[in-house]
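Here is the structure we will look at, set down as structure tokens.
What follows draws every value from the coordinates through simple rules; no lab data is involved. Since the structure is predicted, the reported quantities are computational estimates derived from the model, not experimental observations. Neighbour counts are summed over all protein chains in view; Cβ atoms, including those assigned to glycine, are modelled from backbone coordinates with ideal geometry.
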Amino acid sequence: MRTLNYPFPSEQSRENLEEIAAVCRDGGIIVYPTETFYAIGGNALDSGLVARISDLKQRDPGKPFPVIANSPEALARLLADWPPAARTLAAEFWPGPLSLILPGYSNLPAGILDDGGGVAVRWAAHPLLDLVCRFTALPLISTSANPGGKAPAIRAADLDRTLLQKVDLLIVADKKPLPKRSALKPSTIVDLRPDSPEIIREGAVRSSAVKNCLAHPPT
């Protein structure tokens, strides 16, 4: 396993991004920081990669992975529709911890599509993910980097050693100071496919803020 430390030195930034892009395009697994916990992922368009991560996570096959797409190009490779409600919520809460379930293309890997053909996507508020998604134009699987049943990792030192032996690249960027685990919340998930948007999970963005935004869109 190769390790990179972020922020990258300016003289190595492009070289490091090219290395990350090569790992993703070759079906490799990366572990990387997000605004909250460390995540495990890779190219969300690669069905073999999706299956490998599912095995590592010991994840229920019926539970699709969420996806980060921090570039218009990455979003366009996922979504079959971008309704007005999605534009409204994205303008208000992205980048940030709000995942939108939207119609995905039917040829996407089964591991990121739910039974109704939806994909949960967000634009993450982390500068590294902006760099990677824009550089590769790829959406990334983004699920907590821990085996099923174990706590997610806030620091690189907390990552499961057995899991790390099976990944291709680790990007380290520990927060300073470290946040309290109790203060970290997952993303709020909103399903925008029904006639009336449905809040599937309340997380860092309050349900009331989502409902207010949809009822009174910013001008």
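Please grab the % of Cα pairs in segment 2-215 that end up more than 21 Å from each other. Present the calculation step by step, with values, prior to reporting the outcome.
Details: 11789 of 22791 pairs.
Value for segment 2-215 (Cα pairs over 21 Å): 52 percent.
Could you order peptides 109-117, 166-174, 133-141, 33-41 by the average number of other Cβ atoms within 10 Å of their residues, highest first? Show your work: numbers first, answer last.
Numbers: 109-117: 16.3, 166-174: 18.1, 133-141: 21.3, 33-41: 23.0.
Ranking, from highest mean packing down: 33-41, 133-141, 166-174, 109-117.
Listed highest first by mean packing, meaning other Cβ atoms within 10 Å per residue, what order do 69-78, 54-63 come in?
Working: 69-78: 18.9, 54-63: 13.0.
My ranking of the peptides, most packed first, is 69-78, 54-63.
Per DSSP helix of 4 or more residues, -39500 (n - 2.57); summed, then divided by the residues of the chain. What does that give at 222 nm, rounded to the nearest 500? Don't jump to the answer; show the numbers that get you there.
On the way: 7 runs with 62 residues, N = 219.
It lands at -8000 deg cm²/dmol.
Most mobile of Ile189, Ile29, Ile199 per a Gaussian network model of the chain (Cα springs, under 10 Å)?
Its mean-square fluctuation being the largest, the pick is Ile199.
Order by neighbour count: Cys213, Cys24, fewest other Cβ atoms within 10 Å first, most last.
Working: Cys213 18, Cys24 26.
Ascending Cβ contact count within 10 Å gives the list Cys213, Cys24.
How tilted is helix 13-25 with respect to the longest principal axis of the chain? Cα atoms for both, answer in degrees (0 to 90, nearest 10).
Once rounded, the angle reads 70 degrees.
Lys57: which lysines have alpha carbons under 18 Å from its alpha carbon, excluding same-chain residues fewer than 8 sequence positions away?
Those lysines meeting the cut-off are Lys150, Lys166.
Given C-alpha coordinates of segment 173-219, what is the ratio Rg to Rh with the Kirkwood estimate of Rh?
On the way: Rg = 14.4 Å, Rh = 12.7 Å.
Here Rg/Rh amounts to 1.14.
Note down the relative contact order for segment 2-215 as a percent, whole number, built from C-alpha pairs under 8 angstrom at least six residues apart. Before the final figure, lay out each step's value.
Numbers: 410 pairs, mean separation 63.5, N = 214.
It comes to 30 percent, rounded to a whole number.
Setting aside same-chain residues fewer than 8 positions from Lys211, which lysines have a Cα under 20 Å from its Cα?
Lys185
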